Amino acid sequence: MASIRIKFDRFPNGLSKAAVFSFDDGREQDRKLVALMNRYGLKGTFHLNSGFLGRDGYIRAEEVSGLYEGHEVSAHTVDHPFLEQSPGDQIAEEVLADRGALESLVGYPVRGMSYPFGTYDDRVAAALPVLGIEYARTVASHGRFDMPEDPLRWHPTCHHKEMILQAERFLASNPRHSRMELLFVWGHSYEFDNDGNWELVDQVGERLGGSKSVWFATMAELIAYRKAVGALRFSVDRRLAHNPSAIDVWFSAESEAVKAGAGETIRL
Ligand SMILES: [Zn+2]
């Protein structure tokens with residue numbers, strides 16, 4: 001029997017596009033931002049400094065779980081240091097203590113972060129897996145819709161100032177060779193106050209929010225999904241596919257979208 005051609009180019013529900021929004025620092029303007037994102041069905045990953053919670057201008061610890069429900073709470077270190085200028089044990093303490101404090105508020109493992117000031121070096125990135133961090137966002141925008149090559153140096157598409165233009169490019173994108181395309185926006189909610197441009201959130205919500213062709217995901221969901229795709233097992237002729245993961249996975253078989261449900265073995 002002839003073997004068939006499998007391609008990992010699908011997100012959940014067979015989609016080929018995903019959007020992630022990632023905001024830093026947990027300032028009080030997150031309340032307005034989350035309310036707007038909820039209105040438009042956008043999902044966010046919010047990177048919080050546990051040491052700043054409850055300070056003037058910041059989110060309070062007791063509102064974290066309710067405010068960010070349906071979104072992801074992620075680490076940003078306790079005190080927002082320059083990690084590349086920190087000794088190793090200080091890096092460990094900043095990351096582990098932040099994870100622990102946030103986990104006690106949200107009730108799930110916190111496995112992601114963004115680099116304070118966006119700065120890092122090879123030593124910092126290499127330390128993160130031992131500290132339980134699977135993915136870390138930089139501020140090095142590249143203007144593309146690529147999935148991360150290295151999740152510990154996860155470069156975004158653009159800052160939120162450019163998100164309207166990039167969202168329009170993203171929706172119009174139709175690559176000759178199908179692939180997973182990711183629009184990844186980063187920023188800070190307080191910048192919308194500083195710059196007086198909250199309308200950007202409405203504009204991106206109106207353009208993107210209702211789209212049936214886009215999967216709105218947190219960073220955690222995206223990484224979990226990609227790991228589940230990587231864990232698929234195929235027979236030699238690729239006519240049998242087993243999904244050992246606890247989440248449903250989609251892929252292309254001879255260019256057609258196929259779903260392998262959690263724990264299922266399917267015949268193609
Ligand atoms: Zn920050």
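Any chance the range 106-122 includes a residue that's within 16 Å of the ligand (Cβ to nearest atom) and in contact with a Gly (Cβ under 6 Å, 6 or more places away or on another chain)? Taking every residue of the range 106-122 in turn, none turns out to be within 16 Å of the ligand (Cβ to nearest atom) and in contact with a Gly (Cβ under 6 Å, 6 or more places away or on another chain).
Of everything listed in (1) within 15 Å of the ligand (Cβ to nearest atom); (2) in contact with a Leu (Cβ under 7 Å, 6 or more places away or on another chain), the single unmet condition for ALA18 is (1). The residues on offer are TRP154, TRP186, and the sole one that is under 12 Å from the mean Cα position of the chain (by Cα), farther than 23 Å from ASP9 by Cα and modelled with pLDDT of 95 or more is TRP186.
Among residues of the range 146-167 that are aliphatic (A, V, I, L, M), those with a Cβ under 9 angstrom from a residue that is in a loop (DSSP other than H, G, I, E, B), sequence gap 6+ or separate chain, pair up as MET147/ARG179; MET147/MET180; LEU152/TYR120; LEU152/LEU128; LEU152/ILE133; LEU152/GLU134; MET163/THR157.
Among residues of the range 57-83 that are of a type in the set (Phe, Trp, Tyr), those with a Cβ under 6 angstrom from a residue that is part of a strand (DSSP E or B) and within 16 Å of the ligand (Cβ to nearest atom), sequence gap 6+ or separate chain, pair up as TYR58/ARG27; TYR68/PHE46. When the range 75-122 is limited to residues that are in contact with a His (Cβ under 8 Å, 6 or more places away or on another chain) and in a helix (DSSP H, G or I), the one that is farthest from GLY187 (Cα to Cα) turns out to be ASP98. Look at GLN85 and say whether it is more than 21 Å from the chain's Cα centre (by Cα) and either within 16 Å of the ligand (Cβ to nearest atom) or surrounded by 15 or more Cβ atoms within 10 Å (Cβ to Cβ) (or both). So GLN85 passes the test. Taken together, ARG31, ARG55, ARG60, ARG39 contain a single residue that is within 16 Å of the ligand (Cβ to nearest atom), loosely packed, with under 14 Cβ neighbours inside 10 Å and not hydrophobic (A, V, I, L, M, F, W, C), which is ARG55. Tallying residues that are over 12 Å from THR218 (Cβ atoms) and either assigned to a helix (DSSP H, G or I) or touching a residue at least 60 places away in the same chain (Cβ under 8 Å) (or both) within the range 42-56 yields 4. Applying the criterion of being of a type in the set (A, V, I, L, M) and in contact with a Ser or Thr (Cβ under 6 Å, 6 or more places away or on another chain) to the residues of the range 217-261, the residue that is nearest to GLY70 (Cα to Cα) is MET219.
The values are calculated or read from the model by the stated rules, or taken from the named source; none is laboratory data. Bear in mind that the values here come from a model prediction, so they are computed numbers and not experimental data. Neighbour counts are summed over all protein chains in view; Cβ atoms, including those assigned to glycine, are modelled from backbone coordinates with ideal geometry.
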